[in-house]
Each structure stands twice: as C-alpha cells, then as structure tokens.
Amino acid sequence: MSVPGASNTLLEAVVPYSMISMVQLLGRVPNQHCSQAMANEMALLAYNRALKLSKPGCEVLGVGFTGTLATSRPKRGDHRFFLSIRASDRIWETSVTLTKGKRSREEEDKVASSVLIQAMAKACRVSETLDSGLTESEVLNESETRFSEEEELEQLIDGQLCSKIYPFSKAESYGSDKDRKIILPGSFNPLHEGHLKLLEAALSVSEGGYPCFEISAVNADKPSLTVAEIKDRVKQFEVLEKTVIVSNQPFFYKKAELFPGSSFVIGADTAARLVNPKYYEGSHKRMLEVLGDCKRTGCKFLVGGRNVDGEFKVLDNIDIPDEISSMFTSIPAETFRMDISSTELRKNRGDVIS
C-alpha cells in the first residue's frame, strides 16, 4: 500500500490470524487450518467479496493463503504454505514445503511473500519474474483448473459463487456517483422495451452510476433456473449490448448485501410489497428492521409507475414509513410510463405460464 495508486488494484485485505477470526470468516470451525482446501475456500470467499466491491466488468481475483512457518517453539511437522487464486473461470493452486531449520521466521515470511506476489503477478498476466529464494530441493507445486461457463453457472446455482457478470455494455459509469450500480432486477422472460426504457428513465433521476440488469437464478417460490434457461436469457442482453448480472439472491435484503451502495430500479407494485408487513410475518417492526439493514448498506430504490389491477400507481400512492422514506425516489410518470409486462407478452405469444 506504499505505492501510489494501489487502491486501483487492491480492494480489501483481511488477515484472519486468530482462531476466532478464522471462524468468523468461514462461518464454521475449520478441521485443518493449513491445507490446500483451506486456501481454496479462503480464495473463493475473497473472490465473492471482490465481486461485491468492484465495478461491473472489472476483472477481479480472490486470493487465499495459509501456512505453518517457523515459530517460537520447535514444530514436529513440516514448514509449508498453500495459496490459491480464484478468478471467474479458473483457480490457481500453489504449495511449497520449506527446508526445516534452514531459515528464520522472517526469512520464511519473505520467501512465502515472494511466491505469493509471483503467483498474483502470473494470474494478472504480468510477465516479469521475482526471485522467490527457494532452493533446488524446495519444489513449487503449481496447478491450474479451468471452468466452463456452464460449470460457473452451476457453481452459482449451488451457492458457491454469488454472481456472474456479463459486461456486454460499451457504456461507462457516469455522473457524480460512478461507483454506484443502478440495477434493474427481473426475470426478463422475455426482455422487452419497457425494461429498457425503465432503466433509461431511472438513470435520468439518479446521481450517476453504472447501469445494468440482474437475473436471479434462484427463485423464492419456484424451482431455480437451469443453466440452459440462464444462457438463453443472457443472450437477449448480448444482442442489445446491455450488461447483465446473474445472481443467486431472490430477496432484496440479500441483494442489498450482494450489491452494497446500489440503486435498485423497481415498479410501484414491488415497492408496495417491500413495505407490506404481510411479507415479514405480519410484523411492521420486522419490516423496518429488514429495510433498515438495506439502508445501512447504502442501497436505494428508484420507483417507476406500474399498472396494478387496471390502475396506474406511482410511489406517491404508497405509504412509505418515515424511517426509510429517504431510500425511495420516484421516477415521474412523464419520464416513464409503459403498460407492458413479460407475462402479457408470453400470453400473447402462446407460452405456458407457470
């Protein structure tokens, strides 16, 4: 971090050094701290965290490192370390067993750090090499495993990956709040002009950000989408050069955790459900707690008008509690109004509605 501009590369660094720190990171008590499997798990956690913190379209890596090196007392086992680097479509694994008693703790730290930096440079396609200080007898075990798009999506559906971004858009972030994502969630079955115009209208009332669509592969009350279904829906956005994110979170309070600081573009009907205690076990207090947590992530809602039971409703028609009213911004009807839905389009073309 002593190099100027390091924040353009490093998103976050976490050192879970104590047992309790590691338990909080993993959400469980690990069976073994120093192993390739542990490094892989840490790298996957770091990768998912990087997806949350980065701008759509930016390539991110998650790095995990664990080792058992020289300490204040003699060790029975080997001095060794494992590292893992996770990208969207591959994972690099590295392990080294050091010659016991050859180096001090500081010297072993330096060797491990050099190997880690070299592995990160290789993953970032940097050609320069760094002398790690390893001897001829200390073997650097390296491997690379690649994943197909189908395997990535299966990992997402299974909950291993939190999202997959398809940065089809050529547009850049704009305005005074360039780090904010402006997200229009939906099933997009099919994607239609109303969706496109709604996101465009949302941009006009926002302070800036990166516009994108979002599909949840996991549904709250329906079976998860299949890989083939996801790919078919994604193709719609590729044709139009619009960025789409595939996630596995159907609920907004989970989307807020996944996309902190984002603005979600929703219809008035969805906004009405969001503040209806009926969906929070009938508890007004619980509703405020959940949406209060969303508010603390920095998320907001941009609300467009929607035809509900034959009546066009806007944000002003919804009773928003004062405690969370600052989260909601209306998209004026004169800016956006289009009485069309994916359900109606599927009915018109004779699709089976489920």
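Of all residues assigned to the stretch 274-290, at least one qualifies as being within 18 Å of Ile182 (Cβ to Cβ) and not in a strand (DSSP E or B).
When residues of the stretch 318-327 are filtered for being open to solvent by less than 40 Å² (accessible area, probe 1.4 Å) and either under 23 Å from the mean Cα position of the chain (by Cα) or over 19 Å from Ile183 (Cβ atoms) (or both), how many remain? Break it down stepwise before answering.
Step one: of the stretch 318-327, the residues open to solvent by less than 40 Å² (accessible area, probe 1.4 Å) are 318, 320-321, 324, 327.
Remaining after also requiring either under 23 Å from the mean Cα position of the chain (by Cα) or over 19 Å from Ile183 (Cβ atoms) (or both): 318, 320-321, 327.
The total comes to 4.
Yes or no, residue by residue, for (1) in a strand (DSSP E or B); (2) of a type outside the set (A, V, I, L, M); (3) at positive phi:
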| site | (1), (2), (3) |
| --- | --- |
| Leu130 | no, no, no |
| Thr135 | no, yes, no |
| Thr145 | yes, yes, no |
| Lys164 | yes, yes, no |
| Ile183 | yes, no, no |
| Ala201 | no, no, no |
| Gly209 | yes, yes, yes |
| Ala220 | no, no, no |
| Leu225 | no, no, no |
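Residues of the stretch 61-94 that are part of a loop (DSSP other than H, G, I, E, B), open to solvent by 20 Å² or more (accessible area, probe 1.4 Å) and of a type outside the set (Asp, Glu): Leu61, Thr71, Ser72, Arg73, Pro74, Lys75, Arg76, Gly77, Ser88.
For the stretch 67-99, give me each residue that is touching a helix residue (DSSP H, G or I) at 6+ places or on another chain (Cβ under 9 Å) and either of a type in the set (Ser, Thr, Tyr) or over 25 Å from Ala50 (Cβ atoms) (or both). Those that are touching a helix residue (DSSP H, G or I) at 6+ places or on another chain (Cβ under 9 Å) and either of a type in the set (Ser, Thr, Tyr) or over 25 Å from Ala50 (Cβ atoms) (or both): Leu69, Ala70, Thr71, Ser72, His79, Ser84, Ser88, Thr94, Ser95, Leu98.
Confirm whether Asp109 is exposed (fewer than 14 other Cβ atoms within 10 Å of the Cβ), modelled with pLDDT of 95 or more and not hydroxyl-bearing (Ser, Thr, Tyr). It is false that Asp109 is exposed (fewer than 14 other Cβ atoms within 10 Å of the Cβ), modelled with pLDDT of 95 or more and not hydroxyl-bearing (Ser, Thr, Tyr).
In the set (1) open to solvent by 20 Å² or more (accessible area, probe 1.4 Å); (2) out of contact with any Phe, Trp or Tyr (no Cβ under 9 Å at 6 or more places or on another chain); (3) over 25 Å from Leu53 (Cα atoms); (4) hydrophobic (A, V, I, L, M, F, W, C), Leu191 fails one condition alone, (2). Among the residues of the stretch 95-128, which ones are of a type in the set (S, T, N, Q) and assigned to a strand (DSSP E or B)? Across the stretch 95-128, the qualifying residues are Ser95, Thr97. The residues in the stretch 36-85 that are in contact (Cβ under 8 Å) with a residue 24 or more places away in the chain and closer than 24 Å to Ile182 by Cα can be counted, and the count is 15.
For the stretch 290-317, filtered to residues that are open to solvent by 30 Å² or more (accessible area, probe 1.4 Å) and of a type in the set (A, V, I, L, M), the residue that is modelled with the highest pLDDT is Val314. There is no residue in the stretch 45-56 that is surrounded by 14 or more Cβ atoms within 10 Å (Cβ to Cβ), farther than 24 Å from Glu257 by Cβ and of a type in the set (Gly, Ala, Ser). Any residue at all in the stretch 152-159 that's exposed (fewer than 12 other Cβ atoms within 10 Å of the Cβ), small (Gly, Ala, Ser), in contact with a strand residue (DSSP E or B) (Cβ under 9 Å, 6 or more places away or on another chain) and outside any helix (DSSP H, G or I)? Within the stretch 152-159 (the criterion being exposed (fewer than 12 other Cβ atoms within 10 Å of the Cβ), small (Gly, Ala, Ser), in contact with a strand residue (DSSP E or B) (Cβ under 9 Å, 6 or more places away or on another chain) and outside any helix (DSSP H, G or I)), the answer is no, since none of the residues qualifies. For the stretch 35-43, the count of residues that are open to solvent by 80 Å² or more (accessible area, probe 1.4 Å) and outside any helix (DSSP H, G or I) is zero.
The one condition from (1) assigned to a strand (DSSP E or B); (2) over 21 Å from Arg306 (Cα atoms); (3) of a type outside the set (Ser, Thr, Tyr) that Glu257 does not meet is (1).
Being touching a strand residue (DSSP E or B) at 6+ places or on another chain (Cβ under 6 Å) and surrounded by 22 or more Cβ atoms within 10 Å (Cβ to Cβ) is the filter here; which residues of the stretch 246-257 pass it? Passing the criteria: Val246, Ser247.
Restricting attention to the stretch 328-339 and to residues that are assigned to a loop (DSSP other than H, G, I, E, B) and in contact (Cβ under 8 Å) with a residue 60 or more places away in the chain, the residue that is least open to solvent (accessible area, probe 1.4 Å) turns out to be Ile331.
The values are calculated or read from the model by the stated rules, or taken from the named source; none is laboratory data. Note that the structure is predicted; figures quoted are calculated from it, not measured. All Cβ positions, even for glycine, are placed from backbone atoms using ideal geometry, and neighbour counts span all protein chains on display. All accessible areas refer to the heavy atoms of the entire protein, side chains included, with ligands and DNA or RNA removed. Shrake-Rupley method; radii C 1.70, N 1.55, O 1.52, S 1.80 Å.
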